[in-house]
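Notes follow the structure.
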Amino acid sequence: MSAASELAYTPIAELARRIERKEISPVEITGAMLDRIDTLNPRLNAYYTIFRDEVMAAAHGAEAEIRDGAYRGHSTAFRSASRISTNTGAPRAARKRWRTTLRKPNRVLSPS
């Protein structure tokens, strides 16, 4: 099993303990998740836009906080990551189509 696959199946509480013990860094976890997305997304089409730079910047920020002794636990890191991965930075046309599609009842979502 690859490192990215191993991390993908590791419970979040275990990752938090490993981060706190400095066995793994948020940058390593984020990099592994991005590698996994790169591997699987061409087949799954689960992501329309990937904010790679923003996510890595947040991971480096979390790593700096931990290094400075300000570890805040996993909930803060993952709240930041989910905020970054929303569609707020997606191109305007994509956001509008996404919102319109979700508002229409009984509509099948498609990548078109």
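The values are calculated or read from the model by the stated rules, or taken from the named source; none is laboratory data. Note that the structure is predicted; figures quoted are calculated from it, not measured. FYI the Cβ positions are ideal-geometry reconstructions off the backbone, even for glycines, and counts take in every protein chain you see.
List of remarks:
- The sole residue among Arg21, Arg52 that is in contact (Cβ under 8 Å) with a residue 12 or more places away in the chain and surrounded by fewer than 16 Cβ atoms within 10 Å (Cβ to Cβ) is Arg52.
- Candidate set from the stretch 55-71 (those that are loosely packed, with under 12 Cβ neighbours inside 10 Å and part of a loop (DSSP other than H, G, I, E, B)); member that is nearest to the chain's Cα centre (by Cα): Ala70
- Residues that are loosely packed, with under 14 Cβ neighbours inside 10 Å, among the β-branched types (Val, Ile, Thr) and free of Cβ contacts under 8 Å to residues at least 40 places away in the same chain within the stretch 34-49 comprise just one, Thr39.
- In summary, Met1 fulfils each of the numbered conditions (1) among the aliphatic types (A, V, I, L, M); (2) surrounded by 14 or more Cβ atoms within 10 Å (Cβ to Cβ); (3) farther than 19 Å from Gly73 by Cα with the single exception of condition (2).
- Some residue of the stretch 10-20 being at pLDDT below 90 and part of a loop (DSSP other than H, G, I, E, B): no
- Of the set (1) touching a Phe, Trp or Tyr at 6+ places or on another chain (Cβ under 7 Å); (2) at pLDDT 90 or above, all apply to Ile84 but (2).
- Only one of the listed residues (Arg99, Arg107) is of a type in the set (D, E, K, R), assigned to a loop (DSSP other than H, G, I, E, B) and at pLDDT below 90. That residue is Arg107.
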